[in-house]
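Just so you know, all these numbers are worked out from the coordinates, no wet-lab data involved. Quick caveat: nothing in here was measured; it's all calculated off a predicted structure. Cβ sites come from the backbone with ideal geometry, for glycine too, and all protein chains shown count toward neighbours.
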Amino acid sequence: MTTDTAFHAAERVVELTHAVQRYFDLMYDCDTSRFDQVFRSTVQLHGFRGGQMLMWSASAYRGILDNRQSPKSANAPRCDEILLMDFASDSMALVKLRLRVGPAVYVDYLTWHRIDGEWLITSKGYHIEAEGTAIRRESGGHAGP
């Protein structure tokens, strides 16, 4: 790997890490004025709730966030960590992460695409790992304060 290639790869990681932080911030404060800086308008979200597979569009999920009491306003502890970041190309990546939203701990698989110079989530699959428990720390992850 040349120095230029290594620099470019490191730059991609930094850019995507900043985009993931925007996602973490949105999940914590539910400020949907920034929704379009995180999610592509065509995003779909999938996951099980109450034993049923659900699918939400971008507009449906924005409405959910608009109506949810934010963890920030509830003074809930903030815990989030990146578990895996994998680049398929300069314009596509997969990020696996864990975060707490109120009493629930989620593991999300987020597909990101770099569109017009910005990383946006184009697909989200989520799993409720636990409800009412602390986030389990894994090596290599970072849990926020």
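Tallying residues that are farther than 15 Å from H127 by Cα, buried (at least 17 other Cβ atoms within 10 Å of the Cβ) and of a type outside the set (V, I, T) within segment 28-61 yields 7. Taking the conditions (1) touching an Asp or Glu at 6+ places or on another chain (Cβ under 8 Å); (2) closer than 20 Å to R98 by Cα in turn, H18 satisfies each one other than (1).
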